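Here's the structure we're looking at; comments come further down.
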Amino acid sequence: MQLYYITQRSTFPGNEAARRRQLLDRITEAARAGVDYIQLREKDLAAGELEELGREAVRAIREANRETKLLLNSRTDVALAIGADGVHLRGDDISAREVAAIRHEALRNSGLEVRKWLGGVSCHSTKDVRRAEAGGGNFAVLAPIFGKQTDATVHSLGLEPLKIACRGRLPVLALGGVTLENAPSCIAAGAAGIAAIRLFQNNPIEEVVRQLRSL
């Protein structure tokens, strides 16, 4: 059971400084609770702002639980600069294998340690998952499995495409409308784990992790 927390600081109240503090508190809580991956998905931030926040997130995670891995959304350059554990790529990004090669070359020339690098890939169909697998991704995040409660116009994939996507070699995490009530059906369909924003961000993370790990 792999657990993947995707951040969204805009859901927190207050001004920008307050939202960042709350986000870092939530990241620390997630790491302490044993969440496997945290994706820093603050797409509206400029590179410098993202780097600053990313460095704080890396420090918080390393102090709380060194087993938790931080991935940055698409920004390979920032991920390399802050010493993150990987990137989460869009389906139309360059492949995870190409990103890993760029990183390996950069670190080899710098003389720094080349640690394991993770490449997650956003997918919206079985075909996307197969493409991510061929491109060297470490895992795929397939979405949306269920419809968004806040947007009835979003078309959900449902469990059958998830089941088909999970028949390949690449681990697939289920994202989109996942709750503690419907998470068991995702695992029964073959998902390697659960990815979520609101499930982790709006609830006590330790309790969420406990219930998901018990499935």
Percent carbon-and-sulfur accessible area, the chain, ignoring ligands, DNA and RNA, probe 1.4 Å: 49 percent
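Nearest 5 is fine: what % of DSSP beta bridges in the chain come out antiparallel, could you say?
That works out to approximately 5 percent antiparallel.
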Value at 222 nm in deg cm²/dmol, rounded to 500, when DSSP H runs of n ≥ 4 in the chain each add -39,500 (n - 2.57): -13000 deg cm²/dmol
Mean Cβ-within-10 Å packing, highest first, puts peptides 43-49, 129-135 in the order 129-135, 43-49
Can you pull the three principal axis extents for the Cα set of the range 58-111, in Å, largest first? 32, 30, 16
Around THR7: net Lys/Arg minus Asp/Glu count, Cβ-Cβ under 9 Å: +2
From the square roots a ≥ b ≥ c of the eigenvalues of the alpha-carbon gyration tensor of the range 1-100, which class results: rounded (a/c under 1.5), prolate (a/b over b/c), or oblate? oblate
Around VAL87, under 12 Å between beta carbons, what's the net of Lys plus Arg minus Asp minus Glu among the other residues? +1
With labels modelled as points extended 7 Å from the Cα through the Cβ direction, what inter-label distance (nm, one decimal) is found for GLU49 paired with ASP92? 2.4 nm
Using the per-residue mean of other Cβ atoms lying within 10 Å as a proxy for protection, in what order, highest first, do the peptides 3-16, 173-186 fall? 173-186, 3-16
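The values are calculated or read from the model by the stated rules, or taken from the named source; none is laboratory data. What you see is a predicted model; the values in this text were computed from it and never measured. Quick reminder, even Gly has a Cβ in these numbers, built from the backbone with ideal geometry, and neighbours come from all protein chains shown. Remember, those area values only see protein heavy atoms, side chains included, never the ligands or the DNA or RNA. Shrake-Rupley method; radii C 1.70, N 1.55, O 1.52, S 1.80 Å.
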